[in-house]
Amino acid sequence: MKVLCVAEKPSIAKEVTSVLSGGRSTRRDSRSKYNANFDFKFTFPGHGLCDVTMTSVTGHITSMDFPAEYAWGRVPPGRLLDAPVKIQPDKSKLAIHQNIANEARSANYLMIWTDCDREGEAIGYEILEAAKKGNTRLSLSSVWRPHFSHLEKNHILSAARNPQNLNMKTVEAVHCRQEVDLRVGASFTRLLTDILRRSKLVDEIVSYGTCQFPTLGFVVDRYKRVKNFVPEKFWYISTSVEKSNQTVSFSWAKTHFFDRLFVVMLYEECMKSTHGTIKGVTRKPTSNFKPFPLTTVSLQKDCATYFKMSAKEALDAAEKLYQSGWISYPRTETDMFPPEMDLRSIIQTHTQDSRWGHYATSLMTVDGKYGIPRKGRNNDKSHPPIHPVKYVNLETITNDKQRKVYEYVVRRFLACCSTDAKGFQTVAELQWGNETFRASGLEVTEKNYLDVYTYRTWSSTEQLPPFVAGERVNLKSAEVKEGKTSPPNHMTETELIALMDANGIGTDATIAEHIHKIEQRSYITKKKTGKSHIILPTELGMGLIEAFSSISFANNISLSKPFLRKRLESLLKEIEEGRATKEFSLRETISLYKNAFALTAEEQSVLVNEFKKFQT
DNA sequence: GCAAGGTC
């Protein structure tokens, strides 16, 4: 009996081989440089000792496109919304196709070790199709699909012994997404480019993508809110009390009002009292929570905030560290560690470090220092949270960004295995006339995780003097003050990533690319202002979004807001759950875009005029 | 020459 195993990436092929073979495998080069073949023996329940070959692909190996006669310029762009599409081998992946066909020749079963997520299921189907080219006896019923979410030995063994079927509903969902993205992307890109070139407004390609435009929309939206912001004045009562040679400011429980006279009236009422009274003093334990286990999105947000790296730079650096075998797979949505993972042995390897070794040792040896990591709400069932895999001395990492990211991943991991920081918060409540005011002080007593997670600060404030309940106090100052509302800040990379994540625009693996793409297209630009890096729309980007909003589409849809993409996501879920068919979902979605396309083409003079308003 | 999704 012969079984051909295929993993989504070379690293998984290697790891799974080492588990299943118990370290006894033979490596053969394949036609594809990075995708080696491994031969070994393994006992599958009900099939006895089998000859196994393990190989790999590198992600998707086919892509969807239009036939050559639908190339740019040969048909009106609108035709692409219902032109035929074909799935074909990626030109750059032909060696991989050949290798799989070759290795499948004598196989009785095909075992698909791709990631257990939506795209992984589709890649599995692509692998089956490639294998059939070399072995026509293979079909869906000869596919074994192990379900695994990490590479721990017993987990992999049990996945290998209990394979499921390939889930064709999931595959259909992916094909639906591919078709929508291709049809909509290609048709609108050609239309926009044609319109704007004809009007001599733009030379370059003006691309439209179901993820690109909502991303650009977020940036434009924020920019407009900042620009159109009008500050508003407000008034409040400000008081302070002197005690033990210390001046304590109290803030008004009602914060502020936009009506000056009203505040003055309340103030004058207070002024009838010559003194204030401390109504109560509370001292409560408080905590500063350690971070959740690390996901891709969180890594990118933090690298933007702490190191001013772009999402792409952070992911690229993490990818290199992963390829070196120093950190785990960097594309994950999971923020909970699998219960069987041996966290302590990872901590142990870091006790030798000159920077955090002492801290790691304390987690291992001091009672109460180690804390079970928090469990987040997300689990992609494919990859564990990002964590260090191998100890590396920081001095040996020559690339500046990689060094920062490695140190961050380690410190984040150690922080996850720590206890929360602890302290006490004291709140004093002051009554003056009919009004209440509060002052608070924080005393940090145990820094715990903050000792290793040095990116965050949480420190004691000046302590309150010893107020006691019922105490009469004289006000040192009491006056009505004026303030004004401040504008929202410009968009940062951190916030943009968070918005995309929350709105389902892109995936952990692609969010960085979408931002990069619209920067390449000159729709947005990044600017350094003082300490922070902000993202602004360009005239081109502004023009595009505003031009689209000048057209009112049927059903109130918007081509630059996240709702259509979200809708597609929920349709995909319905396909996966068998509540909708691929054909139905495609028809629904494409017909929405068809209407929008027709209207855009019809109203192109409106579009061009609106676009012009934003060009200098 | 267009998309978004994998991954090197």
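From the list A:ASN99, A:ASN35, pick out the single residue that is assigned to a loop (DSSP other than H, G, I, E, B) and crowded, with 17+ Cβ neighbours inside 10 Å. I'd like the intermediate steps shown before the answer.
Numbers: A:ASN99 fails: assigned to a loop (DSSP other than H, G, I, E, B).
Only one candidate passes the filter, namely A:ASN35.
Please find, among A:SER238, A:SER249, the residue that is closer than 13 Å to A:LEU464 by Cβ and either assigned to a strand (DSSP E or B) or of a type in the set (D, E, K, R) (or both).
Checking each option against the conditions leaves just A:SER249.
In the set A:TYR455, A:TYR449, which member is farther than 21 Å from A:SER310 by Cα, among the hydroxyl-bearing types (Ser, Thr, Tyr) and surrounded by 13 or more Cβ atoms within 10 Å (Cβ to Cβ)? Walk me through how you get there before you give the answer.
Numbers: A:TYR455 fails: farther than 21 Å from A:SER310 by Cα.
Criteria check complete, one pass: A:TYR449.
Filter the range A:534-582 for residues that are within 21 Å of the chain's Cα centre (by Cα) and small (Gly, Ala, Ser); which is surrounded by the fewest Cβ atoms within 10 Å (Cβ to Cβ)?
Among residues in the range A:534-582 that are within 21 Å of the chain's Cα centre (by Cα) and small (Gly, Ala, Ser), the one surrounded by the fewest Cβ atoms within 10 Å (Cβ to Cβ) is A:SER570.
Within the range A:335-350, can one find any residue that is surrounded by 20 or more Cβ atoms within 10 Å (Cβ to Cβ) and within 30 Å of A:GLU121 (Cα to Cα)?
Checking the range A:335-350: at least one residue is surrounded by 20 or more Cβ atoms within 10 Å (Cβ to Cβ) and within 30 Å of A:GLU121 (Cα to Cα).
Restricting the search to the range A:12-55, which residues are touching a residue at least 60 places away in the same chain (Cβ under 8 Å), within 20 Å of A:LYS153 (Cα to Cα) and within 16 Å of DNA strand B (Cβ to nearest atom)?
The answer is A:ILE12, A:ALA13, A:GLU15, A:VAL16.
Please work out which residue is surrounded by the fewest Cβ atoms within 10 Å (Cβ to Cβ), limiting yourself to the range A:192-243 and to residues that are under 16 Å from A:GLY543 (Cβ atoms), charged (D, E, K, R) and away from DNA strand B (no atom under 16 Å from the Cβ).
A:LYS227
Among helices (runs of 4 or more DSSP H) lying entirely in the range A:507-603, which contain 2 or more residues that are over 17 Å from A:GLN212 (Cβ atoms)? Reasoning before the result, please.
Details: elements: A:511-520, A:539-549, A:563-576, A:582-602.
Answer list for the range A:507-603: A:563-576, A:582-602.
Examine the range A:77-87 for a residue that is within 16 Å of DNA strand B (Cβ to nearest atom), basic (Lys, Arg), assigned to a helix (DSSP H, G or I) and surrounded by 16 or more Cβ atoms within 10 Å (Cβ to Cβ), and state whether such a residue exists.
Within the range A:77-87 (the criterion being within 16 Å of DNA strand B (Cβ to nearest atom), basic (Lys, Arg), assigned to a helix (DSSP H, G or I) and surrounded by 16 or more Cβ atoms within 10 Å (Cβ to Cβ)), the answer is no, since none of the residues qualifies.
Which count do you get for residues in the range A:116-143 that are surrounded by 19 or more Cβ atoms within 10 Å (Cβ to Cβ), modelled with pLDDT of 95 or more and not in a helix (DSSP H, G or I)?
4
Identify the single condition in (1) more than 14 Å from DNA strand B (Cβ to nearest atom); (2) without any contact (Cβ under 8 Å) to a residue 60 or more places away in the chain; (3) assigned to a loop (DSSP other than H, G, I, E, B) that A:ALA107 does not satisfy, given that it satisfies every other one.
(2)
Looking at (1) outside any strand (DSSP E or B); (2) more than 30 Å from A:LEU201 (Cβ to Cβ), which is the one condition that is false for A:LEU499?
The one condition A:LEU499 does not meet is (2).
What is the residue count in the range A:149-191 for residues that are assigned to a helix (DSSP H, G or I) and within 16 Å of DNA strand B (Cβ to nearest atom)?
So the count comes out to 22.
Looking only at the range A:353-387, which residues are without any contact (Cβ under 8 Å) to a residue 24 or more places away in the chain and of a type in the set (Asp, Glu)?
Answer for the range A:353-387, where residues must be without any contact (Cβ under 8 Å) to a residue 24 or more places away in the chain and of a type in the set (Asp, Glu): just A:ASP367.
Any residue that is closer than 30 Å to A:PRO77 by Cβ and not in a strand (DSSP E or B) - is there at least one of those in the range A:268-275?
The answer is no, given that none of the residues of the range A:268-275 is closer than 30 Å to A:PRO77 by Cβ and not in a strand (DSSP E or B).
If I filter the range A:181-190 for residues that are at pLDDT 95 or above and under 21 Å from A:LYS41 (Cα atoms), do I get at least one hit?
Within the range A:181-190, none of the residues are at pLDDT 95 or above and under 21 Å from A:LYS41 (Cα atoms).
For the list (1) out of contact with any Leu (no Cβ under 7 Å at 6 or more places or on another chain); (2) in contact (Cβ under 8 Å) with a residue 24 or more places away in the chain; (3) under 30 Å from A:SER382 (Cα atoms), I need the number of the one condition that A:ALA502 fails.
A:ALA502 satisfies all of (1) out of contact with any Leu (no Cβ under 7 Å at 6 or more places or on another chain); (2) in contact (Cβ under 8 Å) with a residue 24 or more places away in the chain; (3) under 30 Å from A:SER382 (Cα atoms) except (2).
If the Cβ limit is 6 Å and pairs must be 6+ apart or interchain, which residue in the range A:315-339 that is closer than 21 Å to A:CYS116 by Cα pairs with which residue that is more than 9 Å from DNA strand B (Cβ to nearest atom) and part of a strand (DSSP E or B)?
From residues that are closer than 21 Å to A:CYS116 by Cα, the pairs are A:ILE327/A:PRO388; A:SER328/A:ILE386; A:PRO330/A:ILE386.
Consider the range A:163-188. How many of its residues are of a type outside the set (Gly, Ala, Ser) and without any contact (Cβ under 8 Å) to a residue 40 or more places away in the chain?
The number of residues fulfilling the criteria is 3.
The values are calculated or read from the model by the stated rules, or taken from the named source; none is laboratory data. Given the structure is predicted, the values throughout are model-derived calculations rather than measurements. All Cβ positions, even for glycine, are placed from backbone atoms using ideal geometry, and neighbour counts span all protein chains on display.
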